[in-house]
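Structure first, then comments.
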Amino acid sequence: MDRSSFVLAGGALFAVPFVACAKTLDAVPRWRPAMDVPIKKTEAEWKKELPPDRYAVLREGATEPPFSGALLEVHDKGIFVCAACGNELFSSATKFESGTGWPSFYQPLAKDRVILRRDTSYGMIREEVLCARCGSHLGHVFDDGPPPTHLRYCMNSLAMEFKKEG
Ligand SMILES: [Zn+2]
């Protein structure tokens with residue numbers, strides 16, 4: 001048996017979960033917020049306003065670790081808003097249990113609340129979801145959701161705040 005390739009394979013197996021966990025809140029290389037949006041602030045201003053973990057997701061494109069988010073288990077009636085600018089993004093009525101570890105919705109409150117952008121980071125082709133008001137990163141959308149849209153908006157809890165109804 002070729003011992004060196006065995007060691008290499010073992011190292012690679014170890015390296016994958018290590019990267020996924022330890023590097024999750026690192027900025028995505030070359031990521032930029034959407035610029036053609038009504039709210040324009042400098043990155044210095046955003047950095048001052050947002051806690052570091054929220055800043056990493058919203059303004060650097062990072063993804064929170066699965067099952068870590070505060071909004072995952074929210075089942076009350078209300079509205080999920082952008083944690084950077086307050087833009088109303090999703091209704092609790094469209095939230096569903098995806099089992100992925102991230103808050104999941106089958107549609108935004110209105111189409112114009114979000115911007116979709118092709119994301120090819122990390123060797124994957126994904127559709128990124130950004131806030132249409134401030135250009136911040138929110139998550140990704142996939143086409144394996146439930147009826148009626150069959151879409152799955154896979155959001156970061158850190159990118160949103162929950163406003164309970166009533
Ligand atoms: Zn926003």
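Readers should treat all values here as calculations from the given coordinates under stated rules, not as data from a laboratory. As the structure is a computational prediction, the values presented were derived from the model and not from experiment. Virtual Cβ from ideal backbone geometry, glycine too; neighbours counted across all protein chains shown.
Among the trypsin sites (Lys or Arg not before Pro) found in the range 42-132, those both in a DSSP coil and sparsely packed, with 16 or fewer other Cβ atoms within 10 Å of their Cβ, are K77. Using a Gaussian network model of the chain in which every pair of alpha carbons under 10 angstrom is joined by a spring, one finds that among L72, L50, L25 the greatest mean-square fluctuation is at L50. By the count of neighbouring beta-carbon atoms within 10 Å, fewest first, D119, D144, D53 end up ordered D144, D53, D119.
Springs join every pair of Cα atoms under 10 Å in this Gaussian network model of the chain, and among A44, A62, A27 the largest mean-square fluctuation is at A44. Of S68, S104, the sequence from fewest to most neighbouring Cβ atoms within 10 angstrom is S68, S104. For the pair the range 127-166 and the range 44-118, the centres of their Cα atoms are 6 angstrom apart.
Based on DSSP H segments of at least four residues, each scored -39500 (n - 2.57), the chain has a per-residue ellipticity at 222 nm of -6500 deg cm²/dmol.
R126 to A93: FRET efficiency via 1/(1 + (r/R0)^6), r the Cβ-Cβ distance, R0 30 Å, to the nearest 0.05? Efficiency for this residue pair is about 0.75. Longer than 28 Å from Cα to Cα, which of K40/K111; K48/K164; K48/K77; K47/K77 are they? Say none if no pair is. Check vs 28 Å cut-off fails for K48/K77; K47/K77. Which whole-Hz couplings ³J(HN,Hα) result when phi for each residue of the range 48-64 is put into the Karplus expression 6.51 cos²θ - 1.76 cosθ + 1.60, θ = phi - 60°, listed in order with x for Gly and Pro? Result, rounded to whole Hz: 6, 7, 9, x, x, 5, 5, 4, 4, 6, 5, 10, 10, x, 5, 10, 6. For the chain, the longest principal axis of the alpha carbon atoms and the long axis of helix 3-22 meet at an angle near 20°. Here r is the Cβ-Cβ distance between T42 and A70 and R0 is 35 Å; the resulting FRET efficiency, rounded to 0.05, is 0.80.
Here the chain is treated as a Stokes sphere of Kirkwood radius computed over C-alpha pairs; at 10 °C and 1.306 mPa s its diffusion coefficient rounds to 95 µm²/s. Normalising the average separation of contacting C-alpha pairs (under 8 angstrom, six or more residues apart) by the number of residues puts the relative contact order of the chain at 24 percent.
Which residue fluctuates the most in the chain, going by a Gaussian network model with Cα springs under 10 Å, if the choices are A110, A93, A56? Comparing A110, A93, A56 in a Gaussian network model of the chain, the most mobile one is A110.
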